[in-house]
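The values are calculated or read from the model by the stated rules, or taken from the named source; none is laboratory data. Treat the numbers as computed from the prediction; the structure is a model and nothing was measured. As a convention, Cβ positions derive from the backbone with ideal geometry for all residues, glycine included, and neighbour counts pool all protein chains shown. Only protein heavy atoms, including side chains, enter the accessible area calculation; ligands, DNA and RNA are left aside. Shrake-Rupley method; radii C 1.70, N 1.55, O 1.52, S 1.80 Å.
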Number of protein chains: 2
Amino acid sequence: MTVSAESPLSMDIGEERVGAGPSEWSITETSFHPDKIHHSETIFTLGNGYLGTRGAFEEAYPDEVRSTFLHGVFDDVPVFFTELANAPDWLEMEICLADERFDLAEGILLEFSRSLNLKTASLRRDLRWRSPLGRETHLVFERFASLADPHLCALRVTITPENYAGSIQIRAGLNGEVDNLAFKHWDWLGQALQAQTAWLHSRTHSTGIELATGLCLCLNAAGRESSYEQWDVHNHPTLAAAVDARKGQAVSGTKWITYYTAREGENPLRRCLDALQALPELDWDSAWESHQRAWEAEWERSDVIIEGDEEAQKAVRFNIFQLLCAAPRGDEHVNIGAKLLSGYGYRGHSFWDTEIFMLPFFIYTHPEIAHDLLSYRWHNLPGARAKASANGFSGAQYPWESAGTGEEVTPTWVPDPDDRTKLIRIWTGDIEIHISADIAYAVWQYWQSTGDEAFLLERGAEIILETARFWSSRVEWNASLERLEINDIVGPDEYHDHVNNNAYTNTLARWNLETALQAAAWLKQEHSREWQRLSQRLVLKEAELSRWEKVIDQIYVPFDPHTNLVEQFEGFYQRKKIDLAALEPRHESMQAILGIEGINDTQVLKQADVLMLMYLLPGLYDSAVVKANFDYYSRRTDHSFGSSLGPSIQAIMACRVNDDSAYEQFMRAARTDLYDVRSNAGDGIHGASAGGLWQAAVFGFAGLERTPAGWQSHPRLPSHWTRLAFRIVDHGRVIDFDLKQ
Amino acid sequence: MTVSAESPLSMDIGEERVGAGPSEWSITETSFHPDKIHHSETIFTLGNGYLGTRGAFEEAYPDEVRSTFLHGVFDDVPVFFTELANAPDWLEMEICLADERFDLAEGILLEFSRSLNLKTASLRRDLRWRSPLGRETHLVFERFASLADPHLCALRVTITPENYAGSIQIRAGLNGEVDNLAFKHWDWLGQALQAQTAWLHSRTHSTGIELATGLCLCLNAAGRESSYEQWDVHNHPTLAAAVDARKGQAVSGTKWITYYTAREGENPLRRCLDALQALPELDWDSAWESHQRAWEAEWERSDVIIEGDEEAQKAVRFNIFQLLCAAPRGDEHVNIGAKLLSGYGYRGHSFWDTEIFMLPFFIYTHPEIAHDLLSYRWHNLPGARAKASANGFSGAQYPWESAGTGEEVTPTWVPDPDDRTKLIRIWTGDIEIHISADIAYAVWQYWQSTGDEAFLLERGAEIILETARFWSSRVEWNASLERLEINDIVGPDEYHDHVNNNAYTNTLARWNLETALQAAAWLKQEHSREWQRLSQRLVLKEAELSRWEKVIDQIYVPFDPHTNLVEQFEGFYQRKKIDLAALEPRHESMQAILGIEGINDTQVLKQADVLMLMYLLPGLYDSAVVKANFDYYSRRTDHSFGSSLGPSIQAIMACRVNDDSAYEQFMRAARTDLYDVRSNAGDGIHGASAGGLWQAAVFGFAGLERTPAGWQSHPRLPSHWTRLAFRIVDHGRVIDFDLKQ
């Protein structure tokens, strides 16, 4: 295996591998590495489907990337058009220990550990610190973002002065001047403080989304009276609580935060103030209890048990955990960003990563979340229609990057990191068009697995028909070859742009048209009144359906029966061959080595389009074809530093052809963020890899397959796995799988 | 006259025109216009050569553009590469009147006036406000940035509760989270509060420039004790002072701020703390007194007296005032930005605006400031050499936009305001090259007027020689026409880019080479040892000087003796003629009407290159030539919305040819910012227009001319001016001019 194990996390995992049960549910770091804080912040992200908060420290730290993102709270930003606006965060807490400010950049850290408990969705930091003046203090920080009440976040610090007595002061504020990597989004609307509470009313600068944030601070020390000050600093109201602590006596400070935005309803400030009234009476244990129960129910539905491989067990749970943190609950107008709610990568924009990589997990464990995510695409059909129309096409062309409104928000140009006077043109927003078929595919998959007729009738069918319509207008007639083509695009493998007849795109487009006809036929037969209404509303006539049949017949899909190979795109075989094995060990992507233009000229893939295609449409290819293409394309793929979307699918296809590389690929996906193997985990969790990992366990190692007789498993467990167990839900029925060897 | 007089300022000036003496020294607004705050902020900018602060209110106001810029404190920013970092400002003050926050967006403004006193460089706001609960309060705010101690800023508010008694609280903080139009620059290093003082230690994020800011707050009410709280909010330490005020009793709060940066010396925090210690003992009157005396001395040297035209008098003083506020004192490593220190326009970058438009004012009133500004260019020769070299040329090619390091910092691309997916290419940084000759010109002018031999020997000659060297490498041999050309450039008239043989550029280049030879000859003769050292250091041999002579002979400079016209650039006569007069009244620039490409195809000028040339090199053109070109180009120039650099020079040339338009053009320049005639005064003062205005008074209306017999004036005063008086300094000698009619 080529994955290095240099990060402190990996060492922790190694140490704990000898331990028993509980550690399977925790991700721990046992030392503090200032040069790795961004990685740790990502890993220790907490979320509750309403918001996500990176694992920054309570106290400020130089170069930290502190962020709390609330679903759907987008605001304009240069270059990236729109981004989730970092909200006034709930973590901020300054602690003064007998007048010395607690600061990890000063003094001496005597002991340190930080642990994310996946089962309870809570983070705990336990440390002993010697101040510059020699005072030693034991501090324990605990936090959770309540899954029971998504508006509530809770933070507690327990402080024990070990070798001194003195005043302990805690300052907890609401900072309206927070920024997104230096760029500020919030306008101030109002604030106030009273006794142990404070609130701040803000609004995003360009999009005008109101946010009301409430704060309550409680400081307790047995037998001692705490005092509270209200620091009414403009746009940063702060409560300061102080108590005289005895040596050895534990002092406990609890900070409650409550968020309300105009996205959920009228007057967020009023709702915030109502919630704020109740906060001083709240007790930690009961809030914790509700939160715990909610997570117990989540794990009941979602857990994947792996025995015989603690690292894999922990990694799978970690990735499921992050998906559950980021998945919106009961909100049809938001999606999941490529980096979940855990970092600035891609600025909260959503890609096909949601539908193809993450959605299967939700379809089979939380179909109601899958329903809402697909409804987001339905609500955003106007944006997709506008994009198609602006490009001279019919139907719905979904944006490559999507945010609040469903408009295309892929940056067109980004600064060149190597030359500040130059810009790099980003083409994906213009020509990476397969996403429209991917969304239709996800709709169909959801329908197949849930039988949610109401959704298909009201929303799903419209998506499938409108994307089909897009494809029928997008194809180009090649008169000399007498065939329809799709030219000048980027396929999933982004190392090659401006290519013609990409096998993945053409085949998915054909599938989309076929499925649209299938859906139309079913609607006509089973729901003729709905079909009449829908086809009239879409002005979809029989002549157009007939044209789709012709397109299906005439669209070119490359396949060579002599070699059994599907050519990734026209002319792929003529590109330069590179012996990837000869370049190992390699520490950067092939694109970084050869350059954007250089890689385009070669056969090196960022991810294997053709294998992805065979995964999604298994019925089209027999096992000999799959094997031939697996062998051909695997050798040409930059598995280690290409797309993070690749390894999980590669693992599944390796299982299908009984290739030994399945476990290596699975662990590559498993380690993506935990071990920061691509050196970019600091930008946020790789959500597609997380979703792909679940698919690799379920559809790869467990070999789950839907048959006319129901779901069947064809286990191909790694040899050291003694058990793989999980449950899925199909048409509302829970089915348990417990595979042992 | 086409200048409209709609702004509140213009009305104020109109009203005050009947008044006597003092109003000639003040710019007043008598009502509050929320939709014009950016314009007012620019107009009411204060500065002391170390820093400049826009006239934002003390209390926060929605959409305000609050900024304090310190010379040389640049930091990286996207698109513009570098910008002056908005510093934690000295104005911030929140006032609570019996628990109601003073806020112009609430309650009722009963009376309001704000006045900038140009003589005392102070701003005063006098208002009566009725709170939402009906409390009426009289508030007077006064502020100045001390010219006597450039690190000191002072702010005082006098508060009189008119119909109530109650607690008056003032909060004064240091906000390290300030931003530049949403972009943050400061990293936190430390802070503390004690009694009535606080400090904040910050550092620019990319350039690492340390800034220490100290704050002292004093609240006084006769016979009542004030209390002070220290709000130690992270990155926003704030002092809160409160006192119980009686009805009708005046309460006075004074805020002192002191700034120290690492640019002036080691350990700015230590120097700040030393200064901070003295602040609580400081009294307003003595600080005010020192500040006043310093400004008295400034006006002694700089004032231009105009009698018979109060508007012109006030406008000239206002523009001189802004130049004096922005001019660095005793700092050779900074320059003056195109928008002085008064706004975000051009992000603090310096252009030829300094050398050609502003510098003459300083040469003739403050030669020591001129010395430092030119020394900035000398210190930045490495950047200019690097630019020449990167472009394949020799010598020194000065950047079109220059900031902290002398590198080229013109943005290469800026977002298209009409289409967020598009970018506009900015060519000036690549091909607007005349600035190198402009700087050489300014060096020579300084030398001619001061006789500062030390400067010429050590610095000035090197600039002139190195820029000459650049020109000799930049010229291109046209074999068919047997001449040297300078092609593919932008002249001062930026409506036309990628032009060949621009008359201004070619003639100034020739002048630069001639002057270099003249300087070399003088050095050889008068300072042979210095010449030897310099020519050796620059590896400048006789052969190279001889080549310069050939370049001078062969460089093409267009002139048609039949028409007496100088063609602005090759092919200008073939461009489309537009009848500008027929388009009046016009409310936007010709470029806005015709588009960037459209205007390029016409003869419409942003400013008249050829007249600019004849102003700078009067000896080359006889009066018939000047008249012919004046008549030809004036009709083709977009005077009202073209370049703000145009009108002042146009006024001077109108004087030279006895054209009636001189006064109109003069007043167009005079009103640029005061009346916001170009609708962009909110971005900052037009510094070139301010400097040009002084030149128009002195070299236009007064007709000052250096002759072998000394300075002579050829007054051409507007008919209603009864007096024009000013002084200049030449070779250290003060010469007074007092022209009456």
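A few notes on this one:
- Subset of the stretch B:232-243 [within 14 Å of chain A (Cβ to nearest Cβ), within 29 Å of B:GLU162 (Cβ to Cβ) and open to solvent by less than 10 Å² (accessible area, probe 1.4 Å)]: B:THR238, B:LEU239, B:ALA240, B:ALA241
- Residues of the stretch A:72-85 satisfying the condition of being among the aromatic types (Phe, Trp, Tyr) and either away from chain B (no Cβ under 14 Å) or in a strand (DSSP E or B) (or both): A:PHE74, A:PHE81
- Given (1) among the small types (Gly, Ala, Ser); (2) part of a loop (DSSP other than H, G, I, E, B); (3) open to solvent by 40 Å² or more (accessible area, probe 1.4 Å), index of the condition B:ALA396 fails: (3)
- Comparison of B:ASP660, B:ASP676, B:ASP638, B:ASP683 shows that the only residue that is free of Cβ contacts under 8 Å to residues at least 24 places away in the same chain and farther than 30 Å from B:ARG733 by Cα is B:ASP660.
- Of all residues in the stretch A:80-112, exactly one satisfies the criterion of being of a type in the set (D, E, K, R), over 28 Å from A:PHE69 (Cα atoms) and either open to solvent by less than 30 Å² (accessible area, probe 1.4 Å) or touching a His at 6+ places or on another chain (Cβ under 7 Å) (or both), namely A:GLU100.
- Verdict on A:ILE431 being over 30 Å from B:THR410 (Cα atoms), modelled with pLDDT of 95 or more and touching a strand residue (DSSP E or B) at 6+ places or on another chain (Cβ under 6 Å): yes
- Of residues in the stretch B:195-231 being charged (D, E, K, R) and more than 11 Å from chain A (Cβ to nearest Cβ), the one farthest from B:ALA172 (Cα to Cα): B:GLU210
- Residue identified as away from chain A (no Cβ under 14 Å), farther than 30 Å from A:ASN235 by Cα and touching a residue at least 24 places away in the same chain (Cβ under 8 Å) among B:GLY253, B:GLY265, B:GLY308: B:GLY308
- None of B:GLU549, B:GLU597 is at pLDDT 95 or above, at negative phi and acidic (Asp, Glu) except B:GLU549.
- Considered as a group, the residues in the stretch B:387-424 that are hydroxyl-bearing (Ser, Thr, Tyr) and facing chain A (nearest Cβ under 10 Å) include one that is nearest to the chain's Cα centre (by Cα), and that residue is B:THR410.
- The set of residues from the stretch A:470-505 being part of a helix (DSSP H, G or I), open to solvent by less than 30 Å² (accessible area, probe 1.4 Å) and out of contact with any Pro (no Cβ under 9 Å at 6 or more places or on another chain) comprises A:PHE470, A:TRP471, A:SER472, A:ARG474.
- Test: residue in the stretch A:427-443 that is within 14 Å of chain B (Cβ to nearest Cβ) and part of a loop (DSSP other than H, G, I, E, B): yes
Conditions (1) among the hydrophobic types (A, V, I, L, M, F, W, C); (2) in contact (Cβ under 8 Å) with a residue 12 or more places away in the chain, marked per residue:
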residue	(1), (2)
A:GLU407	no, yes
A:TRP413	yes, yes
A:LEU423	yes, no
A:TRP444	yes, yes
A:ASP452	no, yes
A:PHE470	yes, yes
A:SER480	no, no
A:ILE489	yes, yes
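To keep it simple, each residue is scored yes or no on (1) farther than 18 Å from B:TRP256 by Cβ; (2) within 12 Å of chain A (Cβ to nearest Cβ); (3) open to solvent by less than 20 Å² (accessible area, probe 1.4 Å).
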{"site": "B:TYR61", "(1), (2), (3)": "yes, yes, no"}
{"site": "B:LEU70", "(1), (2), (3)": "no, no, yes"}
{"site": "B:ARG114", "(1), (2), (3)": "yes, no, yes"}
{"site": "B:HIS151", "(1), (2), (3)": "no, no, no"}
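- The stretch A:711-740, subset out of contact with any strand residue (DSSP E or B) (no Cβ under 8 Å at 6 or more places or on another chain) and either over 18 Å from A:PHE362 (Cβ atoms) or assigned to a loop (DSSP other than H, G, I, E, B) (or both), residue least open to solvent (accessible area, probe 1.4 Å): A:PRO718
- In the stretch A:322-369, the residues that are surrounded by fewer than 24 Cβ atoms within 10 Å (Cβ to Cβ) and free of Cβ contacts under 8 Å to residues at least 40 places away in the same chain: A:GLU368
- Among the residues of the stretch B:86-100, the one identified as within 11 Å of chain A (Cβ to nearest Cβ) and at positive phi is B:ASP99.
- The set of residues from the stretch A:86-128 being part of a strand (DSSP E or B), of a type outside the set (D, E, K, R) and within 21 Å of A:VAL243 (Cβ to Cβ) comprises A:ILE95, A:CYS96, A:LEU97, A:LEU127.
- Taking every residue in the stretch B:503-524 that is at pLDDT 95 or above and pairing it with any residue that is open to solvent by 10 Å² or more (accessible area, probe 1.4 Å) and in a helix (DSSP H, G or I), at least 6 positions away or on another chain, the pairs with Cβ-Cβ distances below 6 Å are B:ARG510/B:ILE552; B:LEU513/B:ILE552; B:GLU514/B:ILE552; B:THR515/B:TRP444; B:LEU523/B:TRP531; B:LYS524/B:TRP531.
- Just one of (1) small (Gly, Ala, Ser); (2) touching a residue at least 60 places away in the same chain (Cβ under 8 Å); (3) part of a helix (DSSP H, G or I) fails for B:ALA278. It is (2).
- Matching residues, the stretch A:1-49, being modelled with pLDDT under 50 and either among the aliphatic types (A, V, I, L, M) or under 20 Å from A:ARG66 (Cα atoms) (or both): A:MET1, A:VAL3, A:ALA5, A:LEU9, A:MET11, A:ILE13, A:VAL18, A:ALA20
- Among the candidates A:ASN478, A:ASN501, residue that is out of contact with any helix residue (DSSP H, G or I) (no Cβ under 7 Å at 6 or more places or on another chain) and under 30 Å from A:PHE641 (Cβ atoms): A:ASN501
- Where a residue in the stretch A:525-554 is more than 16 Å from A:THR467 (Cβ to Cβ) and its partner, wherever it lies, is modelled with pLDDT under 95, with Cβ under 9 Å and at least six apart: none
- Here the stretch B:158-188 is the region considered, the condition is being surrounded by fewer than 19 Cβ atoms within 10 Å (Cβ to Cβ) and without any contact (Cβ under 8 Å) to a residue 24 or more places away in the chain, and the residue that is nearest to B:GLU142 (Cα to Cα) is B:ALA182.
- Counted residues, the stretch A:153-179 - those being within 14 Å of chain B (Cβ to nearest Cβ) and outside any strand (DSSP E or B): 5
- Residue ID - surrounded by the most Cβ atoms within 10 Å (Cβ to Cβ), chosen from residues in the stretch A:278-287 that are farther than 23 Å from A:ALA192 by Cα and not acidic (Asp, Glu): A:ALA287
- Scanning the stretch B:244-277 for residues that are surrounded by 13 or more Cβ atoms within 10 Å (Cβ to Cβ), among the small types (Gly, Ala, Ser) and over 22 Å from B:SER167 (Cβ atoms) yields B:ALA262, B:ALA275.
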